[in-house]
Amino acid sequence: MGVVIINFKAYKEGSGERALKLCEMVQDVSAKVDDYIAVAPNFLDLPEIVSKFDIDVYAQHVDAVGFGSHTGRITAEFLKEKGAKGSLINHSERRLRLADIDFLVSKFKELGLISVVCTNNVATTAAAAALAPDYVAIEPPELIGSGIPVSKAEPEIVENSVRAAKDVNEEVKVLCGAGISKHEDYITALDLGADGVLLASGIVKAEDQRKALEELVGLR
Ligand code: G3P
């Protein structure tokens, strides 16, 4: 089965106490399926979630700096210390420069963190794959939060991104995201060659989050 990473973004429904409830549900659903389900909560919630739940926790962002005189920054080393499994890097809502992405992918390898580099098209997916991260995650920005699934609306971008990434680096795994909410969106992504999905609103903003996640992974 596939990979499902749920980005809580800065949604109220995925912050504080509500994030803890959401993680409890994710842990519960995760135990019933073979899919790898992980979460990417707010920085402030991350350490508590790591300590309370048996699910992998990713940061939503990380800065390309080491420990030192950097105000308002988060280092890869500190994420590691706090128990994060890895981080999204270069999310379209938190873009980085190419040199920063390169720095972070290398740093993550040193630290044993999992890198998920987000991209916006086939060309940037190939460029990101050349840096040899663990994952690239293709997300057309115009479909993010739209409820229109990338795997159905733009299947060619998923298929071509998978091909472009694997041509550059066979080892890199490919996720796709934007508008994914239903089981068929997820399965279509897998059928197009993706290893899984990165999603947010379809679960976090759902009226019934458990029902939404169970439907996504085919438990209902
Ligand atoms: O990081 C996942 C995200 O950008 C996709 O958002 O709400 O379209 O699933 P959403």
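Couple of notes before you dig in:
- Cα-centre dipole for the chain with unit charges at Cβ (Lys and Arg positive, Asp and Glu negative), debye to 20: 500
- For the set MET25, MET1, the ranking by accessible area, highest first and with no ligand, DNA or RNA atoms included, is MET1, MET25 under a 1.4 Å probe.
- Estimated FRET transfer efficiency when R0 is 35 angstrom, pair ASN169-GLU48 (beta carbons, to 0.05): 0.50
- Farthest toward positive dipole pole in the range 3-216 [+1 Lys/Arg, -1 Asp/Glu at C-beta], among VAL204, ILE180, LEU216: VAL204
- Charge-dipole axis of the chain as Lys and Arg at +1 and Asp and Glu at -1 on Cβ define it, positive-most pick from VAL29, ALA19, SER151: ALA19
- Probe 1.4 Å, all protein chains present, accessible-area order of LEU219, LEU199, largest first: LEU219, LEU199
- Extension gain (nm, one decimal) between ARG18 and HIS70, 0.36 nm per residue minus Cα-Cα: 15.7 nm
- Each residue was assigned an accessible area with a 1.4 Å probe, and for VAL3 the value is about 20 Å².
- The residue list SER87, SER115, ILE74 was ranked by how far each Cα lies along the charge dipole of the chain toward its positive end, using unit charges on Cβ atoms, and ILE74 comes out on top.
- Surface analysis of the range 3-216 yields an accessible area of 44 Å² per residue, using protein heavy atoms and a 1.4 Å probe.
- Between ASP100 and ARG220, the C-beta separation translates, for a Förster distance of 35 Å, into a calculated FRET efficiency of about 0.30.
- Within the accessible area of the chain (1.4 Å probe), percent carbon and sulfur: 48
- Rg/Rh for the chain, where both radii come from Cα atoms and Rh is the Kirkwood radius: 0.94
- Per-residue SASA remark: GLU93, around 110 Å² accessible (1.4 Å probe; ligands, DNA and RNA not included).
- Only Lys, Arg, Asp and Glu carry charge here, each on its Cβ (+1 for the first two, -1 for the last two); on that basis the range 132-220 has a dipole of about 280 debye about its Cα centre.
The values are calculated or read from the model by the stated rules, or taken from the named source; none is laboratory data. Quick caveat: nothing in here was measured; it's all calculated off a predicted structure. As a convention, Cβ positions derive from the backbone with ideal geometry for all residues, glycine included, and neighbour counts pool all protein chains shown. Side chains included, ligands, DNA and RNA excluded: accessible areas come from the protein's heavy atoms. Shrake-Rupley method; radii C 1.70, N 1.55, O 1.52, S 1.80 Å.
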